[in-house]
Amino acid sequence: MSEPRGDVRELTMSEALNEALTEEMERDSGVFVVGEDIAAMGGLFQVTSGLLERFGSQRVIDAPISEAAQAGAAVGAALVGCRPVVELQIADFVSLVMDQVVNHAGKWRYMSGGRVTVPFVLRGAVSNGIGMGAQHSQTLEAWFVHAPGLVVIMPSTPYDAKGLLKAAIRDDNPVVFLEKRLLYARPGQVPTGDYVVPIGIADVKREGSDVTVVTYAQGVHLALQAARQVARDGVEVEVVDLRTLKPFDIETVAASVQKTGRLIAVTEAARAGSMASEIVARVTDEVFDSLKAAPVRVAAADTPMPYAAPLERAVLPQVEDVVAAINRVVGKVSVS
Amino acid sequence: MSPDAAPLEELLLRMWQIRWFELRAMELFEEKLIRGSVHPYIGMEAIAVGVCAALEQKDYITSTHRGHGHCVAKGLDLKLMMAEIIGREDGYCRGRGGSMHITAIDEGMLGADAIVAGSSAIAVGAAHGLRLKGHDGVIVCFFGDGASNQGILHEACNLGAVLAAPVVFVCENNQWAISTPAAASTRIDNIADRAAGYGFPGVIVDGNDVLAVRDVTATAVARARAGDGPTLLEPKSYRITAHSAATKTDLRPPEELDAWRARDPILSFSRYLNTEAGVAAERLEQIEEEARADVETAVEFALASPRPEPESALEDVYAPAKWATAGRLS
């Protein structure tokens, strides 16, 4: 992990993202933001707070509720040299923009034989865990990982969120940048001044010798809590935060699995066809011989998200699920 | 010849280039030199040529699956177009795009889009982006009557109006979506009427009259460039061929087809040039021959161009970036 320079403060993730947008809009007049209620209101989660006053209504656009047109407009603006950032209020609305993102943003460069670039960022808030129901609680990053030509990022800390968003805006490729809503308010150390977190580089959030947990976003926090619990029993867990899901940092992941010989992949998304499946597949492709135990996926159940608290808790992966998976791969009998 | 005939002859040349390009492309498809499909623009040449005659070099277009005519009208190189649709390395997109995806931004062609209505929001955003960049270019978005019932077009028209984006929407009403007549797809006679719902002008024009199309486009472009927002143009025309070179079924009534054949936009413009602009019949023939020769040169160029190397299939998925060249990532 690159060391932050300058003074360090505590910021929430939404404050860190707001700083990233402000700094990049100052840096490049081609950067603009478009979304719903992002101008005067500053966005539902205040990520675009203060931008309208600073940059005006041509660069901070309160758009009609037309997510597909917002995404399509961003593709068009990118084609003529701008660097638009689209805010989806709720990440589930990606279903409305899939054609523009998958059939247009992700392919335009390739279809043109490399003649064009599409530098745009699509941000969206993953709003599970708070009773928002089935249409406001999905974790859909795997859809974009599957689509060629896109970069997919999901940060877990304010530091990573700021540095990765700045990197995403400067990158010449279309980037899908998903933010866990419950992490917006979580504070973390963020240095003052300009820095970027490189795209495509995973970060070892905790070192350990017995089990590798590969995860991202909220999964990192589940894994770190689980790691603290099992450490009391003498099991040392290494937590690898992918940060970027595509491209995939196989080097960091493979090195960790070669050290520990055990793999757990954690995601808050529904299990089938998930990023956890991809993590397991990549590891078995590359370093199968290092594995001492069968890899385990910890994921959400393959259901729409239920509303009532006990049901949502039952569907989403919890710390105890990660603990159980750790005990399984180290050969301890699980109580559950 | 009257002094102002030269620019009109140029329009006729472009129309003939489109016609012969499409006729040759259909032959090359039958000869299996073109894969997939080809969607000919035959019968609609006056629309693309009329619209682009009202544009300047700094203006851009977006196009459709039936896009060759737009490319020719915007001034793209026939050789690079033909090489692209034959799938050769010298094509505009190095053979990665094909007939439905010619892109040439430096020439003002943002891209042909084979998702019906797919480029409408892209056009709006490009228009807004140009303005942010301090550029006074206008974007023309071509689409068809079939596209007018896609949701994204509604969103794009409304967003374009709200932003007062410098964009001109051109609904090429060729009456049919493969086998479904426009009348079976809407309960209104004119797509242009929908413009009222967005708060901008809608203008119907004879799509087989190149000068009429040019003139209404000029008004729409001036409005867009002045910052007054979009216009929806509806040139009414007809496609003379079936939907595509690969479509063998054509359910359209033969008498309807005959009626439109009799209104061939190239022949009627030729007659106009002869009778109103004093262009001699021999000169008109010469223009057609010139176009035909240009297309032949393009075919020869394309067939001599190398096929892409298989290992290059993995190139250009991503733009150059530090992470893409680090060698550790995939």
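Any idea which of A:ALA301, A:ALA254 is within 14 Å of chain B (Cβ to nearest Cβ), at pLDDT 95 or above and either more than 19 Å from A:ALA227 (Cα to Cα) or touching a Gly at 6+ places or on another chain (Cβ under 9 Å) (or both)?
Checking each option against the conditions leaves just A:ALA254.
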- Filter result (among the aliphatic types (A, V, I, L, M) and farther than 18 Å from B:LEU110 by Cβ) within region B:132-184: B:ALA161, B:VAL162, B:ALA164, B:ALA177, B:ILE178, B:ALA182, B:ALA183, B:ALA184
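Per-residue answers, yes or no, for (1) within 24 Å of the chain's Cα centre (by Cα); (2) modelled with pLDDT of 95 or more:
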position: B:ALA242; (1), (2): yes, no
position: B:ALA246; (1), (2): yes, no
position: B:ASP250; (1), (2): yes, no
position: B:ARG261; (1), (2): yes, yes
position: B:ALA280; (1), (2): no, yes
- Note on the structure: Taking region B:104-118 and keeping only residues that are under 13 Å from the mean Cα position of the chain (by Cα), farther than 21 Å from A:SER66 by Cβ and not small (Gly, Ala, Ser), one is left with B:MET109
- Matching residues in region B:208-229 - criterion: being surrounded by 19 or more Cβ atoms within 10 Å (Cβ to Cβ) and in contact with a Leu (Cβ under 9 Å, 6 or more places away or on another chain): B:VAL210, B:VAL213, B:ARG214, B:VAL216, B:THR217, B:ALA220, B:VAL221, B:GLY229
- Query: Filter region B:119-148 for residues that are more than 10 Å from chain A (Cβ to nearest Cβ) and more than 30 Å from B:ALA183 (Cβ to Cβ); which is nearest to the chain's Cα centre (by Cα)?
  - Reply: B:VAL138
- Message: For the structure I just gave you, tell me whether A:LYS162 is charged (D, E, K, R) and farther than 27 Å from B:HIS101 by Cβ.
- Response: yes
- Task: Check whether at least one residue in region A:32-55 is within 12 Å of chain B (Cβ to nearest Cβ), surrounded by 20 or more Cβ atoms within 10 Å (Cβ to Cβ) and touching a Gly at 6+ places or on another chain (Cβ under 7 Å), and report yes or no.
- Result: no
- Task: Within region A:189-204, track down each residue that is buried (at least 20 other Cβ atoms within 10 Å of the Cβ) and over 15 Å from the mean Cα position of the chain (by Cα).
- Result: A:VAL190
- Message: I want to confirm something. Restricting to region B:119-146 and keeping residues that are touching a Leu at 6+ places or on another chain (Cβ under 9 Å) and surrounded by fewer than 24 Cβ atoms within 10 Å (Cβ to Cβ), which single residue is nearest to A:ASP28 (Cα to Cα)?
- Response: B:ARG131
- Whichever residue in region B:90-118 is at positive phi and surrounded by fewer than 24 Cβ atoms within 10 Å (Cβ to Cβ) and, among such residues, is nearest to the other protein chains (Cβ to nearest Cβ): B:ARG94
- Item | Those residues of region A:1-15 which are among the aliphatic types (A, V, I, L, M) and either under 17 Å from A:GLN46 (Cα atoms) or at pLDDT 90 or above (or both), in sequence order | A:VAL8, A:LEU11, A:MET13
- When region A:60-72 is examined, which residues are found to be within 7 Å of chain B (Cβ to nearest Cβ) and either in contact with a strand residue (DSSP E or B) (Cβ under 7 Å, 6 or more places away or on another chain) or modelled with pLDDT under 95 (or both)? A:ALA63
- Message: If I go through region A:119-142 residue by residue, how many of them are touching a strand residue (DSSP E or B) at 6+ places or on another chain (Cβ under 7 Å) and either of a type in the set (S, T, N, Q) or in the same structural domain as A:ALA276 (by TED's automatic domain parsing) (or both)?
- Response: 2
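Of all helices (runs of 4 or more DSSP H) completely enclosed by region B:1-75, which ones contain at least 2 residues that are at pLDDT 95 or above and either among the β-branched types (Val, Ile, Thr) or on the phi > 0 side of the Ramachandran plot (or both)?
The qualifying helices (runs of 4 or more DSSP H) are B:45-53.
Return the residues of region A:233-267 that are in a loop (DSSP other than H, G, I, E, B), of a type in the set (Lys, Arg) and either under 19 Å from the mean Cα position of the chain (by Cα) or outside the structural domain of A:SER209 (by TED's automatic domain parsing) (or both); say none if nothing qualifies.
Result: A:ARG243, single match.
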- Among helices (runs of 4 or more DSSP H) entirely within region B:220-330, at least 2 residues that are within 14 Å of chain A (Cβ to nearest Cβ) and under 29 Å from B:ASP90 (Cα atoms) occur in B:322-325
- So which pairs qualify, if the first residue must be in region A:81-101 and within 12 Å of chain B (Cβ to nearest Cβ), the second must be surrounded by fewer than 20 Cβ atoms within 10 Å (Cβ to Cβ) and part of a helix (DSSP H, G or I), the Cβ gap must be under 7 Å, and the two must be at least 6 apart or on different chains? A:CYS82/B:LEU132
- B:VAL205: aliphatic (A, V, I, L, M), touching a helix residue (DSSP H, G or I) at 6+ places or on another chain (Cβ under 8 Å) and part of a strand (DSSP E or B), yes or no? yes
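The values are calculated or read from the model by the stated rules, or taken from the named source; none is laboratory data. Keep in mind it's a predicted model, so treat the numbers as computed, not measured. Cβ sites come from the backbone with ideal geometry, for glycine too, and all protein chains shown count toward neighbours.
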